[in-house]
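Coordinate-derived values only; no laboratory data. Values in this document were obtained by computation on a predicted structure and should not be read as measured data. Cβ: placed from backbone, ideal geometry, glycine included. Neighbour counts: every protein chain shown.
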Amino acid sequence: MNRWGRAVILFLVLGAVVNVAVAWGIVFIARHLDLRQESTSLVEYTGVPIWRTVTLTAAGVTGVASEVVNLPNARRFVSVSDNIPAWSRASRSAADALTVDPTFELASGWPARSLMCSYNQRTKKTVDALHWSQDFEYGFPLRPIWPGFLANTAFYAVSLWLLFLGSGTVRRSLRRHRGRCPACGYDLRGTAHERCPECGNCIRRAEPVAAVRG
């Protein structure tokens, strides 16, 4: 594998690490935030039981509370699929939903939701989460939401790549301004070398580098 291939893999790994760190950081901060109710969906099912979901949101985090409710004299409702995130099991058919316990699903990540976990409201247990404190009810989500996880990883990988290139450009510019080799920083003031004696980098100048005061 050549140098560029290794660089791509390195930045993708760093992008995934930043992706997880951001998602976990959002969950940690969200403990102190009030989730805003965004929508309520009632899913059609034959008979009285109705599958109800409540979608809650805050900056970088989405929660979906799902439960089966008995509504006397209930009419037939049709869920609005746009209101239920695709990663939630509540987006599946109502027949499947009726076989599970009341659940709260928590997803976090930015710009897209990338990790999630589930909290069983009957057993009081969290699935697919890393716990570090008894006071932290849900823990850090571990289950990837693959479309969001891959998109966020690519986003952070490109961002880190651009940051790396930008910092390198600034560093080389400062070295050149101070009369040093842009590649390694070797002092070239007062010399007429076409290549850096230290690293062999081509200086690309016709005149000797003038001494810079200070």
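With neighbour counts taken as other beta-carbon atoms within 10 Å, the residues 145, 84 rank, fewest first, as 84, 145. Spacing of the modelled spin labels on residue 17 and residue 142, each 7 Å from Cα toward Cβ, amounts to 2.1 nm. When each of the peptides 102-114, 13-25, 177-189 is scored by how many other beta carbons lie within 10 Å of its residues on average, the order from highest to lowest is 102-114, 13-25, 177-189. Take the Cα of residue 58, step 7 Å toward its Cβ, do the same at residue 177, and the gap between the two points is 4.3 nm. A straight chain from residue 123 to residue 101 at 0.36 nm per residue would run longer than the Cα-Cα distance by 7.0 nm.
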